[in-house]
Amino acid sequence: MQSKSNNSLIKVRQLTKRFDKLIAVNDISFEVFKGELFGFLGPNGAGKTTTINMLTGLARPDSGSIEISGLDCSKNPKLAQHLIGIVPDESNLYPELTGYDNLCFCASLYGMRKHEREERARDLLEKFGLSDAANRKFAGYSKGMKRKLTIAAGIIHRPEILFLDEPTTGIDVASARQIRQLIANLHDSGTTIFLTTHYIEEAERLCQRIGFIVQGKIVRIDTVISLLQPIQKKHTMVISVLHPDEGLHHKLISEFPEYSIELVSKGQFRIVSEKVINIGPLVRCIEETGGEVSEARRIRPSLEEVFVNITGIELNAMKKEKQKNGRSS
Amino acid sequence: MKRWIAFWNILLKDMRAYYLKPPNISWGLIFPVAWTGMFFIKSGKGLDSIISLLPGVVAISILFGTTSMLAVTVTFEKKNKSFDRLLLAPIPLRLLMLAKTSGAILFGSINAFIPIIIASFLADISHVNWFALVLAAIMIAIASTFLGLFIAVSVSEVFEAQTFSNFFRFPMIFLCGLFFPITSLPIFLRPLSYVLPLTYGVDILRGAIDKGNIMPLWLDFLIILGFCVLLFAISLKNIHKRWIM
Ligand SMILES: Nc1ncnc2c1ncn2[C@@H]1O[C@H](COP(=O)(O)OP(=O)(O)OP(=O)(O)O)[C@@H](O)[C@H]1O
Ligand SMILES: [Mg+2]
């Protein structure tokens, strides 16, 4: 870590942002290294967008410091804006302009010359599979096309750092996959990426390092590899029980001291063990109390487990919440 | 250089997307023509009155041509979030806002010449001081654009911007000596006239068209310039305070 710190492109220290009484971002510190794909993972309202807004200059921090590429941006965010590309969570291009004109206009904001920006716009449209829609108005694009064009607009000036705010939320699986591929390619070509997401698998697949943010606080930052390490050797299983007896949890704990057994919700148990979990005796024990096993599922070690352990947030609840929001917006 | 590429393209984009749209062009033309016609006919004094009405009609054409544009180029873009793109670009806020207002200023200045061209067919305008006239038209365009900007950044909905600008525009027609001299206003209203920038613009216009100014032109000019700087500075401050949260 020590040697890497000279290499850090974004350095945030004790950043805090309040909206009246609400503390949206609460004393967070982190670094993003050059060439890295850093994931910022957290549920709705955790403070992800607020953090991006402060880093890019749309929001003013109440306290703390921000350094981007060695420039102190806490007081003057304009200093580093030429190094930054931003893809906001909502597409905010001009509905009345065509895809091509939108890209050319965005390029001009960064001072690119006419010839250069036209070439680059055509290039990106091609690369993003939007050439056929180049001369159609942005207003008529589908959600996935809008998202792709918004990403193209974010990288048109070849920024060193790209901020992506939930790039795959609210679009179908195929488009989301394409977009993930585009992000991976960008990262391979050397762009440093700051990505927010609530899709844990997305973070696991794309990112090298992840910061978990919950209610404005960073609860853990680490590389994906070290996050997964402690659970790699563990076996996890979730058992759902119909008509569970009141004392079932206690009974399971006393009968199977070798397992750690946790009551996740009514009738749902999470069983973690160092050794392989033997399901037969468990089922028998449950049935003795009059319960009925409706589902038993082994869980492959994933960041999901880590996330649940660290944040204590049950994942299904978070996903449902998100889908609701995704649909309505 | 890079900044000027941005400046020029913001201006050009607004022109293409908003100003040169048929409804705006037709409004820009119809409005001044309608005002001109209405006043010339209504005054009933025949063609002789054209010269005395001209300053007021020119001022109205500019006022209406500029103020309504900012509700679109600023308030609307802020509402649909595309304005954030501009705030995120490496352009100083001051230059950005100049780019966003230049289109309206240009549009307003051009509007000023519609009544003048019409009048030139109907009356003798040979002893007009053209230098002062053009200067006045530009200054009125700048002042009323910045007034529109001030309103546009103080509200968050387009309809609020429109309501609010009418709240300013209509009283200004009467308070700024467009058609009646300020001296004929009730004494308690007169201080209001003097805190409105249009008063000074109209005075320059009067001076340019028939030497009817009540104050020295250079003083008018300095005061209206002061208003422009003040309105722009307050608007920038408001953007900083309200939009960069
Ligand atoms: N302009 C604002 N005024 C008041 N409160 C705000 C504002 N912007 C954000 N907040 C609040 O700050 C908190 C963090 O919001 P933020 O948008 O940063 O969350 P997020 O992690 O991006 O969530 P999501 O996944 O829904 O995008 C929320 O409680 C939100 O209500
Ligand atoms: Mg967000």
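None of the figures in this text is laboratory data; all of them are computed from the coordinates on show. None of the values given here were measured: they were computed from a predicted structure. With ideal geometry, Cβ positions are generated from the backbone for all residues, glycine too; neighbour counts draw on all protein chains shown.
For the range A:3-53, filtered to residues that are within 14 Å of ligand 1 (Cβ to nearest atom) and among the charged types (D, E, K, R), the residue that is nearest to the other protein chains (Cβ to nearest Cβ) is A:17.
Taken over the range A:258-276, the criterion of being farther than 18 Å from residue A:304 by Cβ and either in contact with a helix residue (DSSP H, G or I) (Cβ under 6 Å, 6 or more places away or on another chain) or surrounded by fewer than 14 Cβ atoms within 10 Å (Cβ to Cβ) (or both) is satisfied by A:258, A:261, A:263, A:266, A:274, A:275, A:276.
If you check residue A:244 against the conditions, is it assigned to a loop (DSSP other than H, G, I, E, B) and either in contact with a Gly (Cβ under 8 Å, 6 or more places away or on another chain) or closer than 30 Å to residue A:183 by Cβ (or both)? Full working, then the answer.
On the way: assigned to a loop (DSSP other than H, G, I, E, B): yes; either in contact with a Gly (Cβ under 8 Å, 6 or more places away or on another chain) or closer than 30 Å to residue A:183 by Cβ (or both): yes.
So residue A:244 fits the description; yes.
Only one residue in A:149, A:130 is within 14 Å of another protein chain (Cβ to nearest Cβ) and within 27 Å of the chain's Cα centre (by Cα), so which one is that? Only one candidate qualifies: A:149.
Inspect all residues belonging to the range A:35-55 and state whether any of them is surrounded by 17 or more Cβ atoms within 10 Å (Cβ to Cβ), within 13 Å of ligand 2 (Cβ to nearest atom) and in a strand (DSSP E or B). Taking every residue of the range A:35-55 in turn, at least one turns out to be surrounded by 17 or more Cβ atoms within 10 Å (Cβ to Cβ), within 13 Å of ligand 2 (Cβ to nearest atom) and in a strand (DSSP E or B). Selection of the range A:57-109 for residues being in a loop (DSSP other than H, G, I, E, B), surrounded by fewer than 18 Cβ atoms within 10 Å (Cβ to Cβ) and within 9 Å of chain B (Cβ to nearest Cβ) yields A:60, A:90, A:95, A:96.
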